[in-house]
């Protein structure tokens with residue numbers, strides 16, 4: 001049973017609150033429909049009669065309305081079949097009210113007589129007595145149906161949002177988990193070549209790599225990092241690569257920073273790594289990388305001089321990873337431009353209100 005029904009059951013299951021409210025309803029009905037009961041000399045018995053009749057009828061109608069609501073909450077969803085639920089629940093409750101109010105008023109009417117026969121039963125008057133309960137039931141039905149619909153809609157909305165949040169968190173964590181192995185793989189691949197070519201440079205590379213990886217560990221649990229932190233990391237990363245390529249790699253970072261700009265962590269590392277991996281970087285044909293701000297985007301631009309064949313194994317993460325992470329954080333897309341001379345990626349700079 002849904003939690004909101006279990007909570008309501010404590011009230012409707014003839015609890016003190018349930019009895020108290022129906023007693024109050026019975027008092028009000030007695031005062032409204034039998035004011036003479038309190039002015040006549042013989043009105044005491046009549047007042048008790050009307051009060052008990054109203055109380056029994058009120059308890060029966062309100063409890064029946066709750067039971068009808070519970071039944072349809074279990075069988076027909078407001079979210080999936082709203083029209084069907086509205087028609088069937090309203091019809092069922094009105095039918096219940098008619099039958100119960102007719103039976104109760106008939107019993108009260110007939111028990112008030114000492115003797116009676118089938119010919120004496122006042123059918124027309126009994127049917128007339130059901131008119132007021134039917135009017136009251138229309139209001140009760142509206143309240144119960146509105147309450148049930150709103151509770152189920154709220155519950156469905158909360159569950160959908162929780163599921164969406166869990167899916168986004170899981171997807172985003174999966175994407176972030178790809179970064180560390182990918183970063184290490186490419187770094188060790190570079191280091192394996194340097195160890196044989198230049199041991200001193202390899203030692204310098206290891207020291208620089210330890211500083212960079214410290215940043216990776218610091219931001220691996222973050223969804224976003226400050227632009228200033230990411231640019232500092234990019235500077236360290238490119239200086240690390242320059243140990244290997246020397247003047248075969250030229251870079252320029254000129255960004256007027258704003259403190260409220262953010263990026264997904266290690267976005268620049270992925271793009272810079274791809275640029276170095278896919279392009280020639282030599283003394284004769286240096287790879288030039290430029291990072292600058294253009295409005296609310298960070299532009300990463302490199303000259304295009306693709307390698308004839310890739311000696312480094314590609315893991316296929318790169319741009320796909322960055323695009324997916326932005327999709328989970330913002331409606332702003334990652335823009336990619338490519339022509340015969342340059343490859344350009346524009347990363348949206350995010351602010352806290354966009355997240």
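The values are calculated or read from the model by the stated rules, or taken from the named source; none is laboratory data. These numbers come from a predicted model, not from an experiment. Cβ coordinates were reconstructed from backbone atoms using ideal geometry, including for glycine residues, and neighbour counts include every protein chain displayed.
Of all the criteria given as (1) surrounded by fewer than 16 Cβ atoms within 10 Å (Cβ to Cβ); (2) modelled with pLDDT under 90, the one not satisfied by residue 284 is (2).
Annotation note: Cβ proximity below 8 Å between a residue of region 72-88 that is without any contact (Cβ under 8 Å) to a residue 24 or more places away in the chain and assigned by TED's automatic domain parsing to the domain that holds residue 152 and a residue that is in a helix (DSSP H, G or I) and loosely packed, with under 14 Cβ neighbours inside 10 Å (sequence gap 6+ or interchain) occurs for 76/84. Residue pairs whose Cβ atoms lie under 8 Å apart, sitting 6 or more positions apart in sequence or on different chains, and linking a residue in region 187-198 that is assigned to a helix (DSSP H, G or I) to a partner that is loosely packed, with under 11 Cβ neighbours inside 10 Å, are 189/313. A count restricted to region 276-297 and to residues that are touching a helix residue (DSSP H, G or I) at 6+ places or on another chain (Cβ under 7 Å) and part of a strand (DSSP E or B) stands at 3. Being in contact with a helix residue (DSSP H, G or I) (Cβ under 7 Å, 6 or more places away or on another chain), modelled with pLDDT of 70 or more and more than 20 Å from residue 138 (Cα to Cα): is that true of residue 36 here? Yes; evaluated as a whole, the condition is true for this residue. When region 43-54 is filtered for residues that are closer than 13 Å to residue 33 by Cβ and touching a residue at least 24 places away in the same chain (Cβ under 8 Å), the ones remaining, listed by number, are 49, 51, 53, 54.
Checked against the criteria, residue 250 counts as farther than 22 Å from residue 319 by Cβ, in contact (Cβ under 8 Å) with a residue 24 or more places away in the chain and part of a strand (DSSP E or B).
Residue-level check: of (1) modelled with pLDDT under 80; (2) surrounded by fewer than 18 Cβ atoms within 10 Å (Cβ to Cβ); (3) in contact with a helix residue (DSSP H, G or I) (Cβ under 9 Å, 6 or more places away or on another chain), residue 94 misses just (1). Determine whether region 45-63 contains at least one residue that is within 30 Å of residue 157 (Cα to Cα) and at pLDDT 70 or above. There is at least one residue in region 45-63 that is within 30 Å of residue 157 (Cα to Cα) and at pLDDT 70 or above.
The requirement of being farther than 16 Å from residue 268 by Cα, in the same structural domain as residue 288 (by TED's automatic domain parsing) and in contact with a helix residue (DSSP H, G or I) (Cβ under 8 Å, 6 or more places away or on another chain) is satisfied by residue 211. If you go through region 255-266 one residue at a time, do you hit one that is touching a strand residue (DSSP E or B) at 6+ places or on another chain (Cβ under 7 Å) and under 18 Å from residue 302 (Cα atoms)? Checked against the condition, which is being touching a strand residue (DSSP E or B) at 6+ places or on another chain (Cβ under 7 Å) and under 18 Å from residue 302 (Cα atoms), region 255-266 yields at least one hit. If you go through region 4-17 and pick out every residue that is assigned to a helix (DSSP H, G or I) and at pLDDT below 75, you end up with 9.
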